[in-house]
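What follows is a single structure, written as structure tokens, with notes after it.
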């Protein structure tokens, strides 16, 4: 709590400082995603002898950026070679950082990872619904103000007519009407109607200019029925989510700047290309059996402790010696199947033609959204946008397509919002997370029932083994969840190690 | 109109291309603010022989940035020497650029002025009202969601109880309730209440974390009466204003990067330190009488045409030979008296302690707002924020104070929002626009009546003279207004020049 008594904003209050570890205390960390990397970093600083085993031939896990020349092969064998111009890139995993993710921001500060604003909320983006506005995309600012205006008019008039008398005190009634009149841009009759006043919020037909013909021309309101379309209120509600509110950030040049920064400090501890096949333990320590995916050679790694930061779809296939309740927990949590598609275009037509700089356009089609690049705005030449972020059934459907079919889907749905799409298209890359070999899913989907039955068992320390990762947090799918989970896990591990 | 039939967003559709001017056609431009600079630039490109007369010893007008070592002396004689660290700066005039100000963005692109996002909308800033929340600042996200939630609950329940039956069709009623339930985060009984669901929008008492104690703790709602405080809805409404919606930009390093870019192209045409005393004309051309403010020498500048881009409080004191209706127009428009105060602090405590990165905190005190710096976030060391942007009566009151009294006011009111203020304060600078010698006001305040009576007369061409500036636009106080006004003025001037 601050001096003013504000609620806290993050579980991360100050950097972790572990007391010095016992001499020659060894820890094996499984998985070099952010949870594993931060464990290796902090335990290493405390004096532990740390080894990290990683399945991939790269460090970072979902902290991942694809660039020109990269090749990605998914489950099923389809392979994509990325062909992007200039310094363009695509983050298939996390691509934005909320202002309150203090643990992640702490490590960015500590490692000097340059961050730039991620323009999450831009009111000049489009809302598109197949069921509203005759299928024509509308500016977020116009549709959202029309919903606010209509709601304000209905409630102000109902209040004025006495319909709220049993619910709202006389004094509050006047304040409520005043608030609705201001917020909803209502006129003297408490009506929300076409005027230069409403246009000064929702946008004009002709905006104010200079000189002889500078007078603005007001815009028509959208039909009330269409303004109630779920695309409108879902988008508005999206931007009031705790994790989705500005200010947000992105690392300059790609999200993997963070894992590369960790790698500069703990890269020497990481052994790549190791597939874990068995994790066993007894009173004296842990034995991790792994296969070198290049040589097929089997190795046994012994340690005093194990931080297991493998994702659950992988861990659930590994022979791990823990209590039945923890085994049940590992099996209990399904993973989401999001799919992201990056598209490169010849020029930033969204900026040049449509005055859209960053932000997100939403649609009720399978692509779900288009998110515009936040780096190097105003620059000429090719740029990469996020052309689809498909969840739920759409995510599975798209995972079932070939990479080429996915690009065609992104183009055919995206061109309903941007007619320039086909003409300006250069190429793209898709990552369907249910087909990513090293995780087989995007993030844990905890139901309330699963949380009640299994969460405590999942995160509890079992002998020499503790689990870490965003799945072992209440922030699944967020890098902050991976860090907070891992910091909590190693603090408990360290405490137990010191007690022995 | 685009291919999709969208309303236009700016009067600026494409760069101005004037046909070649007649040989030896001379134009005198009065004032080297943005309106004068763009006139000099475009007329010069067309082949006119352009001279710009400027009162100050610098180019740019209100496009102005104060840095370490700068001295500013206001009307009344009070002088302030700016003492800022590092690369800190303060923009006393315009400090943000809307995404739809296409003319300004066009020249930034053309001149290669680097722009960065101006984080206008940040939901983690504070709302402070002396009359609500016991005077304790509240996060924008919490207060705004509570207003949305309460309004949604009231209207959803009224609709459900039939109070809206005469206004909303049966089908729309269900859609309306669904929208309110989603947008307002209502529960199954259509109530907005304390829960992890509402906290997942308004913020938690303890946010979700990782590991053993990762479960979030929901936050208390604010009292309904306080949520109706004008500070809340006025702030929400502020961010739906057409000119105030993200995405917005700022030039890297200070707003004067724009006038310096113009100066690189037309600086050689500008004569500084010239006070205009008389503007006369006949059928053959214009004579501008000016006094060199350094040598007191009087000069007569002759030209075929004159673009007069002087602000009205100055122009109204000059003997100008135009029709009585234009003279009346020049006298008719009062100017606002905004006051801005820049404060430098030892460190970015708003970022480090409070997770506030850019954006605006609002208060009902005279300082009106605190706007946090958008450059070099996360950097250590001193930083400058906008500690007051006072308008109306508050602007006049503060203009009546000494610079030291203004800083004390900013500190005493600001510390109610940030208790760190006194401890971290280094110094500051204030600009009360009614005391700025070269404009005596901030921007034109057009009433509807004045607009109807005088606007056409103000902007019309009078013989060889045309007026330009944001006051001759519907975008008073915006750089875009200055540019659009000037582009319109010189297009008309050029047309008439070609006709002769």
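General remarks:
- Test for residue B:241: is it away from chain A (no Cβ under 14 Å), surrounded by fewer than 23 Cβ atoms within 10 Å (Cβ to Cβ) and either in contact with a helix residue (DSSP H, G or I) (Cβ under 7 Å, 6 or more places away or on another chain) or within 24 Å of residue B:493 (Cα to Cα) (or both): no
- One residue from B:254, B:214 being in contact with a strand residue (DSSP E or B) (Cβ under 6 Å, 6 or more places away or on another chain), crowded, with 20+ Cβ neighbours inside 10 Å, more than 10 Å from every other protein chain (Cβ to nearest Cβ) and assigned to a loop (DSSP other than H, G, I, E, B): B:254
- Residue selection: residue A:418 satisfies the criterion of being more than 27 Å from residue A:50 (Cα to Cα), in contact with a helix residue (DSSP H, G or I) (Cβ under 9 Å, 6 or more places away or on another chain) and within 14 Å of chain B (Cβ to nearest Cβ).
- Residues being in contact with a strand residue (DSSP E or B) (Cβ under 8 Å, 6 or more places away or on another chain), free of Cβ contacts under 8 Å to residues at least 24 places away in the same chain and assigned to a helix (DSSP H, G or I) - total across the range B:473-500: 1
- Just one residue in the set B:300, B:327, B:340 is surrounded by fewer than 21 Cβ atoms within 10 Å (Cβ to Cβ) and assigned to a strand (DSSP E or B); that residue is B:300.
- Residue in the range A:231-245 that is nearest to the chain's Cα centre (by Cα), counting only those that are part of a helix (DSSP H, G or I) and closer than 19 Å to residue B:147 by Cβ: A:244
- Answer residue from the range B:182-203, given it is buried (at least 22 other Cβ atoms within 10 Å of the Cβ) and under 36 Å from the mean Cα position of the chain (by Cα) and is nearest to residue A:244 (Cα to Cα) among those: B:201
- Count of the range B:260-291 residues which are part of a strand (DSSP E or B) and at negative phi: 17
- Selection from the range A:138-174 of residues that are touching a strand residue (DSSP E or B) at 6+ places or on another chain (Cβ under 6 Å) and either modelled with pLDDT under 95 or surrounded by fewer than 22 Cβ atoms within 10 Å (Cβ to Cβ) (or both): none
- Residues within the range A:193-211 that are at the interface with chain B (Cβ under 8 Å from one of its Cβ atoms), in a loop (DSSP other than H, G, I, E, B) and out of contact with any helix residue (DSSP H, G or I) (no Cβ under 6 Å at 6 or more places or on another chain), tallied: 4
- Residue satisfying condition, being facing another protein chain (nearest Cβ under 9 Å) and more than 17 Å from residue A:441 (Cβ to Cβ), within set A:489, A:482: A:489
- Only a single criterion out of (1) under 29 Å from the mean Cα position of the chain (by Cα); (2) closer than 30 Å to residue A:438 by Cα; (3) buried (at least 18 other Cβ atoms within 10 Å of the Cβ) is not satisfied by residue A:265, namely (3).
- Screening B:103, B:179 for residues that are without any contact (Cβ under 8 Å) to a residue 24 or more places away in the chain, closer than 30 Å to residue A:356 by Cβ and crowded, with 22+ Cβ neighbours inside 10 Å leaves exactly one candidate, B:179.
- For the range B:343-370, the set of residues classified as in a strand (DSSP E or B) and either farther than 20 Å from residue B:93 by Cβ or within 13 Å of chain A (Cβ to nearest Cβ) (or both) consists of B:345, B:360, B:361, B:362, B:363, listed by residue number.
Yes or no, residue by residue, for (1) under 12 Å from residue B:340 (Cα atoms); (2) assigned to a helix (DSSP H, G or I); (3) under 19 Å from the mean Cα position of the chain (by Cα):
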{"residue": "B:386", "(1), (2), (3)": "yes, no, yes"}
{"residue": "B:395", "(1), (2), (3)": "yes, yes, yes"}
{"residue": "B:401", "(1), (2), (3)": "no, no, no"}
{"residue": "B:405", "(1), (2), (3)": "no, yes, no"}
{"residue": "B:411", "(1), (2), (3)": "no, yes, no"}
{"residue": "B:416", "(1), (2), (3)": "no, no, no"}
{"residue": "B:428", "(1), (2), (3)": "yes, no, no"}
{"residue": "B:437", "(1), (2), (3)": "no, no, no"}
{"residue": "B:441", "(1), (2), (3)": "no, no, yes"}
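- Residue A:116 passes every criterion in (1) within 37 Å of the chain's Cα centre (by Cα); (2) under 20 Å from residue A:354 (Cβ atoms) apart from (2).
- Matching residues, the range A:217-228, being in a loop (DSSP other than H, G, I, E, B) and more than 7 Å from chain B (Cβ to nearest Cβ): A:218, A:220, A:221, A:222, A:223
- For the range B:456-471, a residue qualifies if it is surrounded by 22 or more Cβ atoms within 10 Å (Cβ to Cβ) and either in contact (Cβ under 8 Å) with a residue 60 or more places away in the chain or more than 9 Å from every other protein chain (Cβ to nearest Cβ) (or both), and the qualifying residues are B:458, B:464, B:465, B:466, B:467, B:468, B:469, B:470, B:471.
- Test: residue in the range A:375-383 that is touching a residue at least 24 places away in the same chain (Cβ under 8 Å), buried (at least 16 other Cβ atoms within 10 Å of the Cβ) and outside any loop (DSSP other than H, G, I, E, B): yes
- Candidates A:37, A:75: the one that is out of contact with any strand residue (DSSP E or B) (no Cβ under 6 Å at 6 or more places or on another chain), assigned to a loop (DSSP other than H, G, I, E, B) and either surrounded by 21 or more Cβ atoms within 10 Å (Cβ to Cβ) or touching a residue at least 12 places away in the same chain (Cβ under 8 Å) (or both) is A:75.
The values are calculated or read from the model by the stated rules, or taken from the named source; none is laboratory data. Computed from a predicted structure; not experimentally measured. Note that each Cβ is placed from the backbone with ideal geometry, even for glycine, and that neighbours are counted across all protein chains shown.
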